[in-house]
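Every number here is computed from the coordinates shown, using simple stated rules; none is lab data. Source: prediction; values computed, not measured. Ideal geometry is used to build each Cβ from the backbone, glycine not excepted, and the neighbour counts take in all protein chains shown.
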Amino acid sequence: MSPLTSDELREIRDELNSGTTPTVWFTGSAVGVPEGRSGKVISLDEPAEGDFIQVRPAGSKDVLSFSAAEVTKVKPPRKRAAAEPAKPAKPEPKPKPAGATLPRSSAMMAAKPASPAKPAAESGATAKPSAGGAQPSTAKPGAGTAAAKRKPRPPKAVGGATVTLTADEDGQWSVEVSTPKKRVLKPTQVQAGAVAQAAKVLHDDVAAAVEPLIEAAREQQKAKVEQLRAELAAAEAALDDLRS
């Protein structure tokens with residue numbers, strides 16, 4: 001039985017996204033589950049490495065973790081019982097020639113009634129066990145203890161995140177959030193007042209490092225305001241001159 005391919009994994013992920021639970025069958029590489037047994041895929045972990053396929057085997061309530069080599073999308077054929085060998089046909093008795101006369105001894109033996117058959121117990125035949133008797137177990141070892149052998153996969157540990165605050169030359173602040181695997185938030189502009197409040201809540205050293213930058217941005221904005229006021233006054237004076 002062939003393991004899952006990348007295309008089959010993509011199909012399973014699409015089926016899970018559509019709300020269905022795909023059916024898979026266990027290969028001979030599966031540990032603790034009989035080969036050919038079916039199961040329902042509950043989810044696929046990220047990244048797709050190791051035992052990342054969460055499967056609930058048929059007849060079980062536990063969700064176990066398997067690798068791509070332990071399950072397949074190909075349904076195994078049903079096992080057929082071996083056909084009994086045909087019994088050889090009994091040879092037909094040869095026809096007796098017409099008018100033939102049996103010897104006296106043969107005639108007496110033919111006339112003697114056949115003795116009743118002996119019971120099976122006296123003939124030494126071995127009696128088969130009754131239907132109600134104990135039958136030897138044919139279950140595969142370990143099939144009933146699959147849940148005990150394979151424990152549910154423990155939850156993954158959180159890898160942490162990094163939050164970065166950046167101030168540019170114009171006094172504009174931006175925040176960026178990233179994890180060891182990917183960047184969660186691209187640099188996004190935030191208000192300087194919000195940064196100042198967050199720094200005071202976090203730690204005194206953080207507030208001491210951020211406050212000079214906030215103050216410099218404040219003075220820069222004041223200078224811009226004064227410049228705009230001067231430009232506005234000059235524009236109003238020019239407008240009054242044009243009206244006179």
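Listing for the model above:
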item	result
Under 19 Å from the residue 165 label point (7 Å along Cα→beta-carbon), backbone N, the range 210-227	210-221
Net charge, residue 53 excluded, C-beta distance under 10 Å - Lys, Arg +1, Asp, Glu -1	-3
Relative packing of peptides 34-43, 204-213, 224-233 - highest average C-beta neighbours within 10 Å first	34-43, 204-213, 224-233
Assigned charges on the beta-carbon of Lys, Arg, Asp, Glu; the range 159-244 dipole about Cα centre (debye)	640
Net length gained if the chain between residue 75 and residue 197 were fully extended (0.36 nm per residue, minus Cα distance)	37.8 nm
Förster radius 25 Å - calculated FRET efficiency between residue 62 and residue 2, Cβ distance, rounded to 0.05	0.45
Unit charges on C-beta of K, R, D, E only; dipole of the range 1-73, Debye	320
